[in-house]
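What follows is a short report on a single structure.
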Amino acid sequence: MAVAETPTPVRREGIPLGRIAGVPVVLAYSWFIIAAFTVIVYGPVLGRSNPALGTTAYIIAFAYAVLLLISVLVHELAHALTARIYGWPTQKIVLNLWGGHTQFESFTASPGRSVLVALAGPAANFVLAGGAWLLLTSVPLGSVADILINIFMWANFLIAVFNVLPGLPLDGGRLVESAVWKATGSQAKGTIAAGWGGRIIVIALAYWFLLRPLLAGEEPEFSLVLITVLVGGFLWMGASASIQQGVLRSRLPLVSAQALASPAVGLPANATVQDAVRHGAAGQNFVVVYGPDGRPQAVVDATALAAVPPAAAPSTAITAVSFALAPGAYVPEWAKGQELITFLSQVAGRHYAVIDHNGRVTGLLSQEAVLAAITGKRQRPDRRPQGQNR
């Protein structure tokens, strides 16, 4: 009797808010942290400046957090809708502790389009800030409404200004990235330059809000110190990740199936261990087994091959000493760069047969060799594949 497997529960990253213009929007649980922080820090400040509000000050502080959330949502929607013009598919928008981010599916970018998509977010916030200013100057409002619209105006203005600063992960970093990309023809160099721009921004923020007051003999406010540390830490991590991404992207041209593969020969599934020993040239070549349709389907296990007594070699099937390749785990020898990485990420297993234009096996590519080429780390001496292709 078959035993049904219990499905692994999928960890939800937040609360689904539905779709806007076809784009799924998720409110991450971490957003409630920034909402609580806003109420705790801004509520007392608002109460002191407006004693008549009383406990309403905390409700207004929470409303401030919600308005900030709406501002970020409009910002991210501007990214998503502008990207749609160029056919870039948006997977989802996530609103979280750090504001939010728009997650795209795979697409082909260019310097100009990348800038337009990036700057659409700050532009939307400038528009919201301008609309709030017009409302404040043209319509008489009550005290609470006046406070909220003021908050909304300044929040959008500051979000827009902050995001156009020239460093990743901020939107302005895309401008630096695209400028260097256009000048050098290398997106990787642009990403690295913009990542360093992000690190410089963090250093500048730390100096202005922390070091400068201390040098002047002043003591920074605790809330300001906390915000600077949190924002600076987030920007530093994002900038460092961008630099790493740029470095990895610069190594993509080194990722070539033909260059990274170890020599291999192909044998049919009806071959014997004796054939494998002979064609393996005393361990100099890997042996890949292909099926009746000519497609690679297994790799000879070196340990199992060596364990077969010489007398039994002519009568032992090669499939008895082989482990299966994952379905479709073979690549043309001319595959390289992002195309090869994308393909390998979609195929299970650690080994991939390499074939030529005629479908003949010429090599065996290992996951370790590809990772070594991408990361730049020295590759360990290649070993004969053993055991299952996990």
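The values are calculated or read from the model by the stated rules, or taken from the named source; none is laboratory data. Since this is a predicted model, take the numbers as computed values, not measurements. When we count neighbours, we look across all protein chains shown, and the Cβ atoms used for this are built from the backbone with ideal geometry, even at glycine. Side chains are part of the model used for accessible areas, which takes the heavy atoms of the whole protein and leaves out ligands, DNA and RNA. Shrake-Rupley method; radii C 1.70, N 1.55, O 1.52, S 1.80 Å.
Translational diffusion coefficient of region 59-169 at 10 °C, 1.306 mPa s, Stokes-Einstein with Kirkwood Rh over Cα pairs, in µm²/s as a whole number. Could you put the intermediate results ahead of the total?
On the way: Rh = 14.9 Å.
After rounding, the answer is 106 µm²/s.
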#### Entry: Spacing of the two label points (7 Å from each Cα toward its C-beta) at Asn270 and Val144, in nm
8.6
### Summary
For region 29-142, the per residue accessible area (1.4 Å probe, Å²) is 50
### Message
Give the aspartates and glutamates whose C-alpha is closer than 17 Å to that of Lys336, dropping any in the same chain fewer than 8 places away, or say none.
### Response
Asp356, Glu368
## Note on the structure
Once normalised by the length of region 1-136, the mean sequence separation of its alpha carbon contacts under 8 Å that are 6 or more apart gives a contact order in percent of 22
### Answer label for volume of the Cα convex hull per residue in Å³ (calculated), chosen among (i) 240; (ii) 159; (iii) 223
(iii)
### Contact order normalised by residue count of the chain, Cα under 8 Å, 6+ apart, percent
10
### Message
Percent of Cα-Cα pairs more than 18 Å apart in region 95-225, please.
### Response
66
### Task
Starting at the first residue of region 41-54, write each ³J(HN,Hα) from the Karplus equation 6.51 cos²θ - 1.76 cosθ + 1.60 with θ = phi - 60°, in whole Hz, x for Gly and Pro.
8, 7, x, x, 4, 5, x, 5, 7, 9, x, 5, 6, x
### Message
Using a 7 Å offset from the Cα along the Cα-to-Cβ direction at both Thr184 and Asn50, what is the distance between the two label points in nm, to one decimal?
### Response
5.0
#### Entry: Over region 233-383, relative contact order from alpha-carbon pairs under 8 Å, at least 6 apart, %
29
### Query
In square angstrom, rounded to the nearest 10, how much accessible surface does Ser138 have for a 1.4 Å probe?
80
### Query
How many percent of the accessible area of the chain is carbon or sulfur, using a 1.4 Å probe?
64
### Query
Accessible area per residue of region 257-375 at 1.4 Å probe, in Å²?
48
### Query
Given H placed 1.01 Å from N in the peptide plane, which residues other than close sequence neighbours of Ile355 have an amide H under 5 Å from its amide H?
Val331, Glu333, Thr362
### Task
Once you have the Cα-Cα distance between Ala311 and Trp154, take 0.36 nm times their residue separation minus that, and quote the gain in nm to one decimal.
48.0 nm
### Summary
Computed over region 257-375, the Cα gyration tensor eigenvalues, each multiplied by 5 and square-rooted, give semi-axes in Å (largest first) of 26, 14, 12
### Query
Using a Förster distance of 22 Å, how high is the FRET efficiency between Leu254 and Asn358, based on the Cβ-Cβ distance and rounded to 0.05?
0.25
### Task
Would you mind telling me which residue in Gly54, Gly130, Gly173 has the biggest mean-square fluctuation in a Gaussian network model of the chain, where springs connect alpha carbons within a distance under 10 angstrom?
Gly54
### Query
Amide H of Thr90: which non-local residues (sequence gap of 5 or more, or other chain) have their own amide H closer than 5 Å, using H built in the peptide plane?
Glu105
### Task
Using a 1.4 Å probe and ignoring any ligands, DNA or RNA, find the accessible area of Glu339 and quote it in Å² to the nearest 10.
130
